[in-house]
C-alpha cells in the first residue's frame with residue numbers, strides 16, 4: 001500500500017494536506033494479466049520505450065483508478081469502487097498527483113512499482129491455466 005500525502009488548494013481556496021491511499025493486490029494484478037495477451041510489465045515497457053505519452057498517461061490513469069481506495073477505520077479492508085475513484089479524480093489532489101506522475105518519469109516508475117505487487121510467472125501461469133487460457 002502506498003500513502004501519498006498531497007497538499008493542494010481546494011475549490012474554496014483553502015490549503016489542505018491529506019493522505020491518499022493506493023493499493024493493488026495480487027488478485028487484481030493477475031486479473032489485469034489475464035485481460036491481455038501480454039503482461040502488464042511488457043505493456044508498460046513497450047509504451048515507455050516507444051515514448052508514447054498518450055498511452056503512458058492512459059495507463060497511469062487506469063492504474064490510479066484501479067488502485068485508489070480508502071482504508072476502513074478498523075484497518076481490515078481497503079475499500080474501492082468506481083464512485084470513490086471518480087470522486088478522487090474530481091479533486092485538486094488528483095490533479096497534483098496526476099501532474100507529478102505525468103511529468104516526472106522517475107517518480108512515476110517508483111510509484112507504479114510500489115503499488116503493483118510482485119506476481120510470479122508461476123502464479124500467472126496457474127491463473128491462466130485455471131481460466132483456460
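The values are calculated or read from the model by the stated rules, or taken from the named source; none is laboratory data. On a predicted model such as this, the values are computed, not experimentally measured, just so you know. A quick note on method: Cβ atoms are made from the backbone with ideal geometry, for glycine too, and the neighbour counts reach across all protein chains shown.
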The one condition residue 107 fails out of (1) out of contact with any helix residue (DSSP H, G or I) (no Cβ under 7 Å at 6 or more places or on another chain); (2) farther than 18 Å from residue 27 by Cα; (3) part of a helix (DSSP H, G or I) is (1)
- Item | Condition met for residue 63 (over 14 Å from the mean Cα position of the chain (by Cα), surrounded by 15 or more Cβ atoms within 10 Å (Cβ to Cβ) and modelled with pLDDT of 80 or more) | no
By residue number, the members of region 107-123 that are within 9 Å of the chain's Cα centre (by Cα) and closer than 14 Å to residue 56 by Cα are 111, 112
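Results for (1) closer than 30 Å to residue 15 by Cβ; (2) exposed (fewer than 13 other Cβ atoms within 10 Å of the Cβ); (3) in contact with a helix residue (DSSP H, G or I) (Cβ under 9 Å, 6 or more places away or on another chain), shown as yes or no for each residue.
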{"site": "72", "(1), (2), (3)": "yes, yes, no"}
{"site": "111", "(1), (2), (3)": "yes, no, yes"}
{"site": "119", "(1), (2), (3)": "no, no, yes"}
{"site": "131", "(1), (2), (3)": "no, yes, yes"}
Over region 4-53, the set of residues modelled with pLDDT of 90 or more, loosely packed, with under 11 Cβ neighbours inside 10 Å and closer than 18 Å to residue 67 by Cα is 5, 19
Every listed condition ((1) modelled with pLDDT under 80; (2) surrounded by 15 or more Cβ atoms within 10 Å (Cβ to Cβ)) holds for residue 93 save (1)
